[in-house]
């Protein structure tokens with residue numbers, strides 16, 4: 001097993017909220033509430049599906065249903081990026097998609113480096129959904145000499161000792177940490193010192209970052225615990241009947 005391996009053996013679909021985590025707003029841009037940012041990614045996914053199906057216009061009700069929210073919530077969220085709907089006509093799918101993508105920062109050039117070439121890191125590197133959402137995976141690292149130099153997809157695993165050099169050479173501006181708790185903080189510190197201020201961590205530990213650094217944590221154990229709570233509540237009426 002890789003010395004930078006992370007315990008999960010299968011890659012989950014990344015939370016869409018994480019997709020926008022590193023999308024820093026331009027100076028003076030209107031601040032969008034975090035919950036609305038997360039929902040905007042859902043609207044964008046639904047709109048892109050409609051685009052692929054050749055749909056040109058969509059009502060707020062249909063878009064809200066496809067995104068799993070209420071119409072009022074959708075309209076309020078879209079007010080943060082400007083109102084592009086026409087009463088009785090709905091939203092122009094392509095136009096709204098472009099504006100949401102711009103608001104989320106997805107029109108920028110996002111280059112992603114993955115630290116940890118274990119099962120999770122390799123699965124992330126091979127995930128085909130990143131490119132279609134505006135993210136280019138440009139590097140993958142590990143500390144295991146048996147892993148360094150191996151090919152993962154079209155990438156070759158770099159030595160984590162060369163982290164700073166490779167980050168600068170590839171122009172990576174986002175980093176995904178797919179490594180164990182024991183080394184996560186040290187690597188995170190090096191990533192931040194190298195000038196990368198957008199970090200997505202799968203490491204099972206709370207990381208400390210300076211002000212101005214965007215850190216998002218994906219904790220599958222926590223998500224499973226939340227699911228267990230809701231499942232328990234759903235089963236409770238049956239158990240008491």
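Could you give me the residue pairs with C-beta distances under 7 Å whose first residue belongs to the range 43-54 and is on the phi < 0 side of the Ramachandran plot and assigned by TED's automatic domain parsing to the domain that holds residue 93, whose second residue is at pLDDT 90 or above and not in a helix (DSSP H, G or I) wherever it lies, and which are 6+ apart or on separate chains?
50/58
Got a number for residues in the range 56-88 being surrounded by 14 or more Cβ atoms within 10 Å (Cβ to Cβ) and closer than 18 Å to residue 37 by Cα?
The total comes to 17.
Quick grid of which residues meet (1) assigned by TED's automatic domain parsing to the domain that holds residue 114; (2) surrounded by fewer than 22 Cβ atoms within 10 Å (Cβ to Cβ); (3) touching a helix residue (DSSP H, G or I) at 6+ places or on another chain (Cβ under 8 Å):
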| residue | (1), (2), (3) |
| --- | --- |
| 174 | yes, no, no |
| 186 | yes, yes, no |
| 189 | yes, yes, no |
| 199 | yes, no, yes |
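So that you can scan it fast, the table gives a plain yes or no per residue for (1) crowded, with 22+ Cβ neighbours inside 10 Å; (2) under 23 Å from residue 39 (Cα atoms); (3) in contact with a helix residue (DSSP H, G or I) (Cβ under 6 Å, 6 or more places away or on another chain); (4) touching a residue at least 24 places away in the same chain (Cβ under 8 Å):
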residue: 90; (1), (2), (3), (4): no, yes, no, yes
residue: 97; (1), (2), (3), (4): no, yes, yes, yes
residue: 117; (1), (2), (3), (4): yes, no, no, yes
residue: 128; (1), (2), (3), (4): no, yes, no, no
residue: 135; (1), (2), (3), (4): no, yes, no, yes
residue: 138; (1), (2), (3), (4): no, no, yes, yes
residue: 141; (1), (2), (3), (4): yes, no, yes, yes
residue: 156; (1), (2), (3), (4): no, no, no, no
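If you go through the range 52-62 one residue at a time, how many are part of a helix (DSSP H, G or I) and touching a helix residue (DSSP H, G or I) at 6+ places or on another chain (Cβ under 6 Å)?
Looking only at that region, the number is 2.
Of the residues 69, 112, 81, which single one is touching a helix residue (DSSP H, G or I) at 6+ places or on another chain (Cβ under 8 Å), part of a loop (DSSP other than H, G, I, E, B) and touching a residue at least 40 places away in the same chain (Cβ under 8 Å)?
Numbers: 69 fails: touching a residue at least 40 places away in the same chain (Cβ under 8 Å); 112 fails: part of a loop (DSSP other than H, G, I, E, B).
81 is the lone residue from the list that is touching a helix residue (DSSP H, G or I) at 6+ places or on another chain (Cβ under 8 Å), part of a loop (DSSP other than H, G, I, E, B) and touching a residue at least 40 places away in the same chain (Cβ under 8 Å).
The values are calculated or read from the model by the stated rules, or taken from the named source; none is laboratory data. Here the structure is a predicted model, which is why all the values come from computation and not from measurement. Backbone-built Cβ (ideal geometry, glycine too); neighbour counts: all protein chains shown.
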